[in-house]
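The values are calculated or read from the model by the stated rules, or taken from the named source; none is laboratory data. The structure presented is a predicted model; accordingly, all values stated were derived computationally and were not measured. Note that each Cβ is placed from the backbone with ideal geometry, even for glycine, and that neighbours are counted across all protein chains shown. These area figures cover heavy atoms from the full protein model, side chains too; ligands, DNA and RNA do not enter into them. Shrake-Rupley method; radii C 1.70, N 1.55, O 1.52, S 1.80 Å.
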Amino acid sequence: MMEKREQLPQGMEEKLEVLKQIARAFREEKICWAVGGSLLLYFKGITQTVHDIDLMVWEPDIEKARRLLLTMGTLCPPRPQGSYRTRHFLEFVLGGVEVDVMAGFVILKEDQVWDCSLQPEQISEYLPLGEEVIPLQELSLWKKYYTLMDRKEKVKLLEEHGV
């Protein structure tokens, strides 16, 4: 008889292991951060599709985070940002998992600049994950961000879940 256990989406176990490693390292270095993007939606039961890990870092801590993540994986070459003016956008590969790190997250929409930088008070809850605790950003903020980014499918998902 097979043991009954929750079926994780493909690749999710690896993503969660990498996230736990990051959480441990960030906790030890006292870096202020939170999970955003599709991983936040996954943790809140809104989606099963997660392509990468999106981490929002408080801007004063970005250099500490960058140095720490460089010891854990590879920093990818910068790419054009398009409709974003994020002050610090770093793409890493850690253990085969893509990790996007944003500090000073800025969206440009209709010639207006929207500063969406993580502020410590925007961390709305902490999710236990193994021995670590994962800070989560507010879902309502991500509804606003997805609206500004014209990510209609994500906005619809959030609305369907009462956000």
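Using only side-chain charges placed at the Cβ, +1 for Lys and Arg and -1 for Asp and Glu, the dipole size of the chain relative to its Cα centre rounds to 140 debye. Here the spin labels are modelled as points 7 Å beyond Cα on the Cα-Cβ line, and at residue 160 and residue 115 they lie 3.6 nm apart. Across region 87-98, computed HN-Hα scalar couplings (Karplus, 6.51 cos²θ - 1.76 cosθ + 1.60, θ = phi - 60°) run 5, 9, 10, 10, 10, 10, 10, 10, x, x, 10, 6 Hz from first to last residue, x flagging Gly and Pro.
In the chain, how many lysine pairs have Cα atoms under 18 Å apart, counting only pairs 8 or more places apart or on different chains? Step by step, the pairs that qualify in the chain add up to 19. Using θ = phi - 60° in the Karplus curve 6.51 cos²θ - 1.76 cosθ + 1.60, the 3J(HN,Hα) couplings for region 123-135 round to 7, 9, 6, 10, 9, x, 9, x, 8, 9, 10, 9, x Hz; x is entered for Gly and Pro. Taking amide H as placed 1.01 Å from N in the peptide plane, residue 117 has its amide H under 5 Å from the amide H of 105, each at least 5 places away in sequence or on another chain. Remark: the residue 153-residue 98 segment gains 17.6 nm on full extension, using 0.36 nm per residue and subtracting the alpha carbon distance. The modelled label-to-label distance between residue 51 and residue 76, using points 7 Å beyond Cα along the C-beta direction, is 0.9 nm. Under a 5 Å amide H cut-off, with hydrogens placed 1.01 Å from N, residue 127 pairs with 134, 136 among residues at least 5 apart or on other chains. Only protein atoms count toward the accessible area here, which uses a 1.4 Å probe; on the chain, the carbon and sulfur part of that area reaches 51 percent. Solvent-accessible surface of the chain, taken per residue with a 1.4 Å probe and all protein chains present: 57 Å². With both residues required to sit in the chain, DSSP beta bridges show an antiparallel share near 85%. The slack in the chain from residue 108 to residue 28, taken as 0.36 nm per residue of separation less the alpha-carbon distance, amounts to 25.4 nm.
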